[in-house]
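Below is one structure, written out as structure tokens; comments come after it.
The values are calculated or read from the model by the stated rules, or taken from the named source; none is laboratory data. It should be emphasised that the depicted structure is a prediction, and the values quoted were computed from it without experimental measurement. Note that we place each Cβ from the backbone using ideal geometry, even for glycine, and neighbour counts take in every protein chain shown.
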Amino acid sequence: MKTIQTQNKAPIMDALNDFITSRVVPFDVPGHKRGKGNKELTWFLGERCLSLDVNSMKPLDNLCHPVSVIKEAEDLAAEAFGAKNAFFMVNGTTSAVQAMIMSVCKKNDKIILPRNVHRSVINSLILCGAVPVYVNPELNQRLGISLGMSLKAVEQAILNNPDAKAVLVNNPTYYGICSDIESITKLAHRHGMKVLADEAHGTHFYFGKDMPISAMAAGADLAAVSMHKSGGSLTQSSILLLGHQVNPHYVRQIINLTQTTSGSYLLLSSLDISRKKLALDGEDTFKQVMEMAQYARDEINSIGGYYAYSKELVNGDTVFDFDATKLSINTLGIGMAGIEVYDILRDEYDIQIEFGDIGNILAYISIGDSHKNLERLVSALAEIKRIYQKDKTGMLDHEYINPTVMVAPQDAFYAEKQLVMLEDSIGEICTEFVMCYPPGIPILAPGELITQEIIDYIKYAKEKGCLLTGTEDLQTNKINILKGGH
Ligand SMILES: Cc1ncc(COP(=O)(O)O)c(C=O)c1O
């Protein structure tokens, strides 16, 4: 149970405050020595910021082995999130996802997961050698987006793979779609499997009212939570949450396999302060965010052509719930790809949105937004429709193609490779990632069969202006395949 008395504290912030007023002479790193050694950097970032950029020391604790203020701050975070333990992470939610998977999977262990995961999930499989068992998500025909995992499909995957170690759930997807994580957790636990949640887009589930259920409340074992997204902390700061059945000491050791030994106190204090704010004001904050998102959704839907979707998608299974703070908008109705609208918003209207892909855009609404800015977005969208609307013929209408896994990701990634032109790769096995970033969901991952449909999709995404990443070839004209075919 959170209590205002305890959540009112911010131990890392307090310790840093004491430290910078104590006039300690630094003969330790960082070498900029509170900014004195780099005047331009200090001018640019500010004196206070540089004075807080310090290294671990006794009064400030150590992220790799927390025993005092970091431990206290992590315990407060665990309490605020309803978890048994919490770890502060300074290498993004990517590192939290990696630690979560590597804590339950070793080489050749199976993990059940949807394929529409962020690249950090499949990266983890390359690192630890675990083998994916994909539950193909259903596609919403109108929106072209992949939905959550159906309970039946998860059950089937569990029955077919009783030796799997874990089930991973997106809670929610980038677009705001939630699977029935509570029932999936019960099911997985009955079969002795752990449940891991990628909650990169779900921090607010822990604090807002009328939100989809959070992973910890659903009984999941581990959750990677992007505090730097809806939680308001600094970019790259994140939290890994643990349930009651997970050994925190082992997880710490796993985290320390890849974690820096020089954790940034700027990031750590931002986690501490943001946790305090969320615990104290989160409910009010997210009520406002939800209202703003709903206002924008109604206005955008009244323009016509666009479809800003929400809870009406809920179907009790593959869309068990929807995160109504997300302003996800389908753009195909005006004959434009999401990425085209994204580019016009930025280039012509100075509006930067979170992402645009084949058929959708996502405008991220948060505590920092105002109605005035929302109105600017709404009127820009109305004008874009008026000026640029086209015939829909020939538009690709889906974001996702079910992959065929031929080889485990780690084996494919480390195999002998051959670089070939995209059009010559059909029928071969891919050894690297291809994805649009954001959202960073691989179109191809190492070990998957390259098909004509996938190559057409990649070319279409490129043509429309999506930023394609993952391949050795920065232009994504060539792709690495398994040498000697399969
Ligand atoms: C679903 C999902 N998981 C994990 C991550 C990784 O987060 P980070 O960029 O903080 O490493 C992202 C990033 O956008 C994401 O969308």
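Among the listed residues 127, 76, 159, 151, identify the single one that is within 30 Å of residue 270 (Cα to Cα), among the aliphatic types (A, V, I, L, M) and surrounded by fewer than 19 Cβ atoms within 10 Å (Cβ to Cβ).
Values: 76 fails: surrounded by fewer than 19 Cβ atoms within 10 Å (Cβ to Cβ); 159 fails: within 30 Å of residue 270 (Cα to Cα); 151 fails: within 30 Å of residue 270 (Cα to Cα).
That would be 127, the only listed residue that is within 30 Å of residue 270 (Cα to Cα), among the aliphatic types (A, V, I, L, M) and surrounded by fewer than 19 Cβ atoms within 10 Å (Cβ to Cβ).
Given the options 85, 116, name the one that is in contact (Cβ under 8 Å) with a residue 40 or more places away in the chain, more than 13 Å from the ligand (Cβ to nearest atom), of a type outside the set (D, E, K, R) and in contact with a Pro (Cβ under 8 Å, 6 or more places away or on another chain).
Numbers: 116 fails: more than 13 Å from the ligand (Cβ to nearest atom).
The conditions single out 85.
How many residues, within the stretch 198-230, are small (Gly, Ala, Ser) and farther than 26 Å from residue 122 by Cβ?
Of the residues in the stretch 198-230, 2 are small (Gly, Ala, Ser) and farther than 26 Å from residue 122 by Cβ.
Being more than 21 Å from residue 84 (Cβ to Cβ), in contact with a helix residue (DSSP H, G or I) (Cβ under 7 Å, 6 or more places away or on another chain) and either free of Cβ contacts under 8 Å to residues at least 12 places away in the same chain or not assigned by TED's automatic domain parsing to the domain that holds residue 88 (or both) is true for just one of 303, 273. Which residue is that?
The conditions single out 303.
Among the residues of the stretch 119-153, which ones are more than 16 Å from the ligand (Cβ to nearest atom) and either touching a Leu at 6+ places or on another chain (Cβ under 6 Å) or among the polar types (S, T, N, Q) (or both)?
Hits for the stretch 119-153 are 136, 138, 140, 141, 150.
Which of (1) more than 17 Å from residue 63 (Cα to Cα); (2) surrounded by fewer than 23 Cβ atoms within 10 Å (Cβ to Cβ); (3) more than 16 Å from the ligand (Cβ to nearest atom) does residue 296 not meet, given it meets every other one?
(2)
May I ask you to say which residue of 236, 245, 253 is within 12 Å of the ligand (Cβ to nearest atom) and either closer than 17 Å to residue 95 by Cα or in a loop (DSSP other than H, G, I, E, B) (or both)?
Details: 245 fails: within 12 Å of the ligand (Cβ to nearest atom); 253 fails: within 12 Å of the ligand (Cβ to nearest atom).
The match here is 236.
Going by what's in this entry, would residue 370 be described as among the hydroxyl-bearing types (Ser, Thr, Tyr), farther than 24 Å from residue 173 by Cα and either surrounded by fewer than 21 Cβ atoms within 10 Å (Cβ to Cβ) or under 25 Å from the mean Cα position of the chain (by Cα) (or both)?
Yes.
Take the residues in the stretch 238-258 that are among the β-branched types (Val, Ile, Thr) and under 18 Å from residue 75 (Cβ atoms); name whichever of them is surrounded by the most Cβ atoms within 10 Å (Cβ to Cβ).
Only one residue fits best here, namely 239.
Which one is nearest to residue 237 (Cα to Cα), of the residues in the stretch 15-65 that are out of contact with any Gly (no Cβ under 6 Å at 6 or more places or on another chain) and among the β-branched types (Val, Ile, Thr)?
Here the residue is 54.
Got a sec? Which strands (runs of 3 or more DSSP E) wholly within the stretch 108-209 have at least 2 residues that are more than 14 Å from the chain's Cα centre (by Cα) and farther than 30 Å from residue 231 by Cα?
On the way: elements: 110-114, 131-135, 166-170, 194-199.
Here the list reads 131-135.
Run down 269, 262 and say which single residue is buried (at least 23 other Cβ atoms within 10 Å of the Cβ), at pLDDT 95 or above and of a type in the set (Ser, Thr, Tyr).
269
Pick from 385, 417: which is farther than 30 Å from residue 285 by Cβ, touching a Ser or Thr at 6+ places or on another chain (Cβ under 8 Å) and among the charged types (D, E, K, R)?
417
Any idea how many residues of the stretch 81-103 are surrounded by 23 or more Cβ atoms within 10 Å (Cβ to Cβ) and assigned to a helix (DSSP H, G or I)?
Residues in the stretch 81-103 being surrounded by 23 or more Cβ atoms within 10 Å (Cβ to Cβ) and assigned to a helix (DSSP H, G or I): 9 in total.
Among the charged types (D, E, K, R) and surrounded by fewer than 12 Cβ atoms within 10 Å (Cβ to Cβ): which single residue out of 58, 71 fits that description?
Numbers: 71 fails: surrounded by fewer than 12 Cβ atoms within 10 Å (Cβ to Cβ).
Selected residue: 58, the only one of 58, 71 that is among the charged types (D, E, K, R) and surrounded by fewer than 12 Cβ atoms within 10 Å (Cβ to Cβ).
Residues being in a loop (DSSP other than H, G, I, E, B) and surrounded by fewer than 24 Cβ atoms within 10 Å (Cβ to Cβ): count how many of those fall in the stretch 331-357.
Final tally of qualifying residues: 6.
Would you confirm whether any residue within the stretch 219-237 is of a type in the set (Asp, Glu) and surrounded by fewer than 23 Cβ atoms within 10 Å (Cβ to Cβ)?
Looking for residues that are of a type in the set (Asp, Glu) and surrounded by fewer than 23 Cβ atoms within 10 Å (Cβ to Cβ), one finds none in the stretch 219-237, hence no.
Tell me, please, whether a residue that is aliphatic (A, V, I, L, M), touching a helix residue (DSSP H, G or I) at 6+ places or on another chain (Cβ under 9 Å), within 21 Å of residue 117 (Cα to Cα) and touching a residue at least 24 places away in the same chain (Cβ under 8 Å) can be found in the stretch 200-212.
yes
Can we say residue 230 is in contact (Cβ under 8 Å) with a residue 60 or more places away in the chain, within 13 Å of the ligand (Cβ to nearest atom), outside any strand (DSSP E or B) and at negative phi?
Yes; evaluated as a whole, the condition is true for this residue.
Please enumerate the residues belonging to the stretch 414-459 that are under 19 Å from residue 132 (Cβ atoms), surrounded by 19 or more Cβ atoms within 10 Å (Cβ to Cβ), among the hydrophobic types (A, V, I, L, M, F, W, C) and touching a residue at least 40 places away in the same chain (Cβ under 8 Å).
Within the stretch 414-459, 429, 430, 433, 434, 435, 441, 443, 444, 445, 454 qualify.
Quick one: residue 63 ticks every box in (1) within 26 Å of residue 261 (Cα to Cα); (2) in a helix (DSSP H, G or I) bar one, so which box is it?
Of the numbered conditions (1) within 26 Å of residue 261 (Cα to Cα); (2) in a helix (DSSP H, G or I), the odd one out for residue 63 is (2).
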